[in-house]
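The values are calculated or read from the model by the stated rules, or taken from the named source; none is laboratory data. This is a predicted model, so every value here is computed, not measured. We place every Cβ from the backbone using ideal geometry, glycine too, and count neighbours over all the protein chains shown. Side chains included, ligands, DNA and RNA excluded: accessible areas come from the protein's heavy atoms. Shrake-Rupley method; radii C 1.70, N 1.55, O 1.52, S 1.80 Å.
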Amino acid sequence: MKLLVTYNIPREPFQNLPADWEITFPEKEEFSKTELLRILPDYDIMLAIFHAPIDREIIDAGKKLKLISNYGVGYNNIDITYAREKGIAVTNTPKAVNSPTAELALALMLSAARRITECNQRIRIEKESMWGTMRNLGFGLEGKTLGIIGLGNIGKNVARKAEAFGMNIIYYNHHTEVPGYRRVELDTLLRESDFVTLHTPLTPATRHLIGQRELSLMKPTAILVNTARGAVVDEQALAEVLKKRQIAGAALDVFEDEPHITETLYALENVVLTPHIGTGTIDARIAMGREALENIRHFLAGNPTNVVN
Ligand SMILES: NC(=O)C1=CN([C@@H]2O[C@H](COP(=O)(O)OP(=O)(O)OC[C@H]3O[C@@H](n4cnc5c(N)ncnc54)[C@H](O)[C@@H]3O)[C@@H](O)[C@H]2O)C=CC1
Ligand SMILES: O=CC(=O)O
């Protein structure tokens, strides 16, 4: 079995694999699309990453390809319908990414609410710590309402963690009901929440789910957190709303056109920006490799797991 790993990822999970597995890693950070198109025809399985597009052209190049094991949970990077048409299964890694992403959502929420990154930056520029009873005031989490859009695996983890901070949870899901939490319509969630956190996948239905109209429904004191996918939010509209301070702030780990970011956001103090680090811990990277490999093993054994197409 020939496995192509398309990105540079920790090698730790790749020890003691069956002797008849032949594995290729990129020499640098990743294989370019041109390289992929050239070498892929030789491989049975590809370990792809949530960030790199796997389009029709690449799928067509995979003449022997049977499985695309995605390193990450979001699979909007892959044309899964076309893969299915070609008889290629696609799997993802929901377990490994869950806690780290939920932790980051909480970290971003706290950072924006307590103005941590803003204060940190100002102290370094001003070269003094300007304390004051009416300076640097933020918002607390305890007793506040957290609106979770997409109460799936990560959303539920965020809910549990936020409850430990004393927050009240409401949620909006497209189809599924989650016992124990109050489900509301999207507009109600936006009107009632002090914090809104996004945890849907990126699909045609969620693209720009949060646009100008939805942002206008939020409280002027509310904070928006996005660790889902950039395009779930209309980034231009959000930048305008933040600039006019129509909501209090935002914290964004993901952007519509990564690595590019809407220029306006750089200058705004009321937004926290991180470079797609939801799963950016060494433990998570190793766990994602393990889960992606486990999916490959199960697929080869005839009992596939985490298949998304
Ligand atoms: N920033 C980062 O590094 C990371 C980002 N992610 C993103 O988080 C997303 C969520 O991951 P999981 O919680 O594992 O997925 P999940 O499938 O367990 O949960 C997604 C939830 O969104 C809901 N949903 C789907 N379409 C909807 C719609 N149109 N309106 C409202 N709700 C809708 C579903 O009902 C489900 O409850 C991933 O798809 C990925 O894009 C995941 C991991 C890391
Ligand atoms: O963005 C990361 C993922 O796992 O999806």
Pair list, Cβ < 7 Å and 6+ apart or interchain, from the stretch 275-293 residues that are more than 27 Å from His260 (Cα to Cα) and among the aliphatic types (A, V, I, L, M) to residues that are near ligand 1 (Cβ under 10 Å from one of its atoms) and open to solvent by less than 50 Å² (accessible area, probe 1.4 Å):
Ala287/Ala96; Ala292/Thr93
State the number of residues belonging to the stretch 59-74 that are out of contact with any strand residue (DSSP E or B) (no Cβ under 9 Å at 6 or more places or on another chain) and either basic (Lys, Arg) or within 16 Å of ligand 1 (Cβ to nearest atom) (or both).
3
Among the residues listed as Leu110, Leu104, the single one being within 16 Å of ligand 1 (Cβ to nearest atom) and of a type in the set (A, V, I, L, M, F, W, C)
Leu104
Checking Gln15 against (1) exposed (fewer than 13 other Cβ atoms within 10 Å of the Cβ); (2) more than 18 Å from Ile88 (Cβ to Cβ); (3) within 16 Å of ligand 2 (Cβ to nearest atom), the condition it does not meet
(3)
Residues located in the stretch 68-101, provided they are without any contact (Cβ under 8 Å) to a residue 24 or more places away in the chain and crowded, with 23+ Cβ neighbours inside 10 Å
Ile68
Spot the failing condition for Thr176; the list is (1) open to solvent by 30 Å² or more (accessible area, probe 1.4 Å); (2) of a type in the set (Ser, Thr, Tyr); (3) more than 13 Å from ligand 1 (Cβ to nearest atom), and only one is missed.
(3)
Pick from the stretch 148-160 the residues that are part of a helix (DSSP H, G or I) and near ligand 1 (Cβ under 10 Å from one of its atoms): which of them is surrounded by the fewest Cβ atoms within 10 Å (Cβ to Cβ)?
Asn153
Being buried (at least 18 other Cβ atoms within 10 Å of the Cβ), in the same structural domain as Arg122 (by the TED database), among the charged types (D, E, K, R) and within 16 Å of ligand 2 (Cβ to nearest atom): is that true of Glu256 here?
yes
Can you pull out every residue in the stretch 179-190 that is of a type in the set (D, E, K, R) and either at positive phi or open to solvent by less than 80 Å² (accessible area, probe 1.4 Å) (or both)?
Arg183, Asp187
Note on the stretch 12-25: residues out of contact with any helix residue (DSSP H, G or I) (no Cβ under 8 Å at 6 or more places or on another chain) and either not assigned by the TED database to the domain that holds Ala287 or not aliphatic (A, V, I, L, M) (or both) are Gln15, Asn16, Pro18, Asp20, Trp21, Glu22, Phe25
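If I filter the stretch 118-136 for residues that are within 25 Å of Arg183 (Cα to Cα), over 20 Å from the mean Cα position of the chain (by Cα) and in contact (Cβ under 8 Å) with a residue 24 or more places away in the chain, do I get at least one hit?
Looking for residues that are within 25 Å of Arg183 (Cα to Cα), over 20 Å from the mean Cα position of the chain (by Cα) and in contact (Cβ under 8 Å) with a residue 24 or more places away in the chain, one finds none in the stretch 118-136, hence no.
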Read through the list (1) touching a strand residue (DSSP E or B) at 6+ places or on another chain (Cβ under 7 Å); (2) closer than 22 Å to Val307 by Cα, then give the number of the only condition that Ala112 fails.
(2)
Answer yes or no: is there a residue in the stretch 22-42 that is buried (at least 18 other Cβ atoms within 10 Å of the Cβ) and within 13 Å of ligand 1 (Cβ to nearest atom).
no
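Can you spot a residue in the stretch 191-204 that is open to solvent by less than 40 Å² (accessible area, probe 1.4 Å), over 25 Å from Arg114 (Cβ atoms) and under 15 Å from the mean Cα position of the chain (by Cα)?
Within the stretch 191-204, one or more residues are open to solvent by less than 40 Å² (accessible area, probe 1.4 Å), over 25 Å from Arg114 (Cβ atoms) and under 15 Å from the mean Cα position of the chain (by Cα).
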I'm checking my understanding of the structure. Among residues of the stretch 259-309 that are of a type in the set (Asp, Glu) and either under 12 Å from Thr91 (Cβ atoms) or open to solvent by less than 50 Å² (accessible area, probe 1.4 Å) (or both), which one is farthest from ligand 2 (Cβ to nearest atom)?
Glu294
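If I filter the stretch 102-116 for residues that are open to solvent by less than 60 Å² (accessible area, probe 1.4 Å), polar (S, T, N, Q) and assigned by the TED database to the domain that holds Leu151, do I get at least one hit?
Scanning the stretch 102-116, I find at least one residue that is open to solvent by less than 60 Å² (accessible area, probe 1.4 Å), polar (S, T, N, Q) and assigned by the TED database to the domain that holds Leu151, so the answer is yes.
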